[in-house]
Amino acid sequence: MQIPDWLVKHARQFPDKTALVDLYDGRRVSYAQLNERACRFAEFLRERWQIKPGDRVAVLAHSSSDYVEMLYGCGKIGAVMVCLNWRLSVDELKGIAEDAQPAALVWGAEFDQTGTALADACTLDRRMIVAAPRAGVAGYEAALAEMSGATIEMPWRAHDDVWYLLYTAGTTGKPKGVLQTWGMAFTNAVNAILAAGLRREDVLLSVLPYFHTGGLNLYMNPMIMCAGTTLIMRQFDVYKTLELLEREATVMFGVPAIYLFLSQHPRFAAADFSRVRNWACGGAPIPKVLLEQYLAKKIVICFGFGMTETGPTVFLTDEATAQKKVGTVGRPVMYVEAKVVDSATRQPLAANQRGELLLRGPGITPGYWNKPEATAKAFEDGWLCTGDIAYFDEDGDYYIVDRSKDMYISGGENVYPAEVENAIFQMEGVAEAAVIGVHDAKWGEVGKAIVALKPGAEVTAEQVIAHCKAKLAGFKAPKYVVFVPAVARNAAGKIDKPTSRAKFGDHA
C-alpha cells in the first residue's frame with residue numbers, strides 16, 4: 001500500500017476550509033495554511049537543522065494547532081516525531097530520550113524548564129521553543145517565518161514507513177516506543193470513517209492529549225484525512241467542553257473519565273446536545289450505569305476498544321448495538337480480525353468463553369522501537385497478543401472483561417476488577433472506584449476497593465462490601481475499602497492501577 005500526502009491534496013482542493021481551531025488562542029487554520037506551515041517546519045528541519053529521513057524529532061508540548069503542523073511537517077521529510085508525555089518527570093523523559101535518541105527537541109513555553117533540562121541531558125544543540133527565540137534556542141514562529149513557504153509534497157509512503165513514536169505507559173517495565181506507521185494511520189482513518197460515519201462537514205471536539213494515540217487518532221488524523229474540522233482543546237475543561245458540545249461540535253470522543261466528569265457537572269442535566277450526531281468512548285471499561293445516564297438524555301455512546309499498538313481502532317459499536325447491549329464493544333471494524341484463545345493452551349475459544357484477545361490486520365504496529373525481543377514476544381503467528389481478557393456472544397459481539405495483569409485470583413477463582421468497579425459505581429454517592437488485588441493469608445488474594453465519593457456523600461466501607469455481595473458472587477466482593485479524594489488516573493484518563501497498587505497494595 002502506498003499513502004499520499006493527503007494534506008497537500010486538501011490544500012489544493014479545499015484551501016479555505018477550516019482544518020483546525022486552536023481553542024487556547026482562538027486561531028483558525030485553513031487547509032492551505034496548515035499545509036504551508038507544515039511545509040515551513042519541514043523546510044526548517046531539513047535546511048537549517050539538516051534533519052534526515054529517519055531522524056527523530058522529539059516534541060514536548062500541549063495539544064495545539066502547532067503540534068499538528070509539526071507532526072505533518074516531520075512526515076513530509078520522513079523524520080520520525082517522538083510525542084513526549086508532558087506529565088512525566090525529567091528523569092522519566094530522559095529514559096525515553098535515551099531510547100529514541102532524538103536529533104532535535106521542540107518544547108512548549110510552559111515546559112521551558114523541563115525542555116531545557118532534557119536538551120542539556122541529551123546534549124542536543126538543535127532545540128526550539130514555541131515562543132520567542134533566545135540564545136541557543138530557536139523560536140517556532142520565527143523559524144517558520146524564515147522559510148520560503150514553498151510546497152513540500154511528501155513522496156508516497158510505504159505501509160510500514162514510520163511516521164511517529166508513541167511510548168507506552170510502562171506499567172510492565174520501561175516504556176516502549178510503539179512504531180506508528182503511515183499504513184497504520186491510513187487504516188485507522190478508514191476504519192474510523194466507516195465505523196463512526198465521519199464526513200467532511202463534521203466538527204470534532206478533540207480533548208485528549210496528542211502524546212496519546214487517542215488524541216491523535218480519535219479522531220484528529222481521520223478528520224484531516226476526510227477534510228473535516230477539528231476543535232483542539234489544550235487541556236480538558238469540563239465547562240468549555242459542555243459549551244462546545246451545545247453550540248459547535250458534531251463529533252465527540254472521550255475516555256470514561258471525561259464522560260463521568262461531564263455527567264457530574266451541574267449544567268449537564270439541562271444541556272442540549274442535539275447537534276452532536278456521534279458520541280464515542282474507549283480507553284477503559286465504562287460503567288453501565290454511566291452509559292444508562294446518557295441514554296436517559298437520548299445520547300447513545302458508541303463504546304469501542306483499541307490500543308497504542310493497534311492504531312488504535314479495533315472495535316466500535318453502532319448505535320443500535322450500543323442501545324441493545326450496554327457494555328459491548330461490538331464487532332471488529334473493517335480491517336481487523338479478532339479471536340479469543342485459552343490463556344494456557346492458546347486454542348481458540350467458543351462463544352461466551354473468556355480468554356486472551358488476539359488481533360491482526362494492517363492497522364497493527366510492526367513492533368517496538370529498538371526492541372526486537374519485545375516485538376517477538378508481543379506476537380504469536382502474526383497475531384498481536386493484547387493481554388486483555390475478552391469473550392464474544394452468539395451474535396459475534398465482543399466484551400472486554402479486564403486487563404489480564406489487573407486480574408487477581410481469590411481462593412482459586414479469577415476476579416476481574418472492572419466487574420467489581422462497575423458494581424461499586426452503581427452506588428448512590430460514589431464518584432469513582434478502582435479495585436486491586438492484595439495479599440491474603442487465607443485466600444491468596446482478595447479485593448481492595450479504592451473509592452472517591454461525590455461531594456457531601458456519606459458511604460461506609462461496610463456499605464460498599466454489602467452492596468458488592470448483593471450484586472456479585474461472594475468471592476468477588478472486596479474485603480477492604482479505602483476512601484480517597486480522587487482515584488489516581490494516568491495521562492490518558494484511565495484509572496492508574498500501578499499507582500494504586502504501589503500506594504495501597506502492600507497492606508490491608
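The values are calculated or read from the model by the stated rules, or taken from the named source; none is laboratory data. Since this is a predicted model, take the numbers as computed values, not measurements. Heads up, the Cβs are rebuilt from the backbone with ideal geometry, glycines too, and the neighbour counts pull from every protein chain shown.
For the reader, a short list of remarks on this structure follows.
- Residue count for the stretch 443-457 under the criterion of being touching an Asp or Glu at 6+ places or on another chain (Cβ under 6 Å) and either surrounded by fewer than 14 Cβ atoms within 10 Å (Cβ to Cβ) or of a type in the set (G, A, S) (or both): the result is 1.
- Exactly one residue among K469, K448, K405, K442 is among the basic types (K, R) and assigned to a helix (DSSP H, G or I), and that residue is K469.
To keep it simple, each residue is scored yes or no on (1) assigned by TED's automatic domain parsing to the domain that holds D381; (2) surrounded by fewer than 22 Cβ atoms within 10 Å (Cβ to Cβ); (3) not aliphatic (A, V, I, L, M).
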residue: A296; (1), (2), (3): yes, yes, no
residue: T317; (1), (2), (3): yes, no, yes
residue: A344; (1), (2), (3): yes, yes, no
residue: E356; (1), (2), (3): yes, yes, yes
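- Options Y72, Y31, Y67; residue that is under 27 Å from R489 (Cβ atoms) and aromatic (F, W, Y): Y67
- Matching residues in the stretch 349-368 - criterion: being assigned to a strand (DSSP E or B) and among the small types (G, A, S): G355
- In the stretch 174-293, counting only strands (runs of 3 or more DSSP E) that sit wholly within it, the ones holding 2 or more residues that are touching a Phe, Trp or Tyr at 6+ places or on another chain (Cβ under 7 Å) and closer than 16 Å to V314 by Cβ span 177-181, 278-281.
- Of the residues making up the stretch 91-136, those that are outside any helix (DSSP H, G or I) and not hydrophobic (A, V, I, L, M, F, W, C) are Q101, P102, G108, T123, D125, R126, R127, P133, R134, G136.
- Filtered residue count, the stretch 262-289, keeping only those that are surrounded by fewer than 19 Cβ atoms within 10 Å (Cβ to Cβ), within 18 Å of F236 (Cβ to Cβ) and either of a type in the set (D, E) or in contact (Cβ under 8 Å) with a residue 24 or more places away in the chain (or both): 8
- Residue match in the stretch 409-428 (condition: surrounded by fewer than 19 Cβ atoms within 10 Å (Cβ to Cβ), under 22 Å from the mean Cα position of the chain (by Cα) and part of a strand (DSSP E or B)): no
- In the stretch 398-409, the condition of being closer than 24 Å to L262 by Cβ and among the small types (G, A, S) is met by no residue.
- Among the criteria (1) surrounded by fewer than 22 Cβ atoms within 10 Å (Cβ to Cβ); (2) closer than 20 Å to E246 by Cβ, the one Q323 does not fulfil is (2).
- The set of residues from the stretch 444-466 being within 13 Å of A477 (Cβ to Cβ) and out of contact with any helix residue (DSSP H, G or I) (no Cβ under 8 Å at 6 or more places or on another chain) comprises V446, A461, E462, Q463, I465, A466.
- Y167 within 25 Å of T18 (Cβ to Cβ), surrounded by 22 or more Cβ atoms within 10 Å (Cβ to Cβ), in the same structural domain as A97 (by TED's automatic domain parsing) and of a type in the set (F, W, Y): no
- Qualifying residue in the stretch 376-390 (condition: of a type in the set (F, W, Y), modelled with pLDDT of 95 or more, surrounded by 14 or more Cβ atoms within 10 Å (Cβ to Cβ) and farther than 23 Å from A195 by Cα): yes
- Residue check, A143 modelled with pLDDT of 95 or more, assigned to a loop (DSSP other than H, G, I, E, B) and over 25 Å from N490 (Cα atoms): no
- Condition check for R56: under 30 Å from K240 (Cα atoms) and of a type outside the set (A, V, I, L, M): no
- From the options I436, I400, I409, residue that is farther than 24 Å from L316 by Cα, of a type outside the set (F, W, Y) and touching a residue at least 60 places away in the same chain (Cβ under 8 Å): I436
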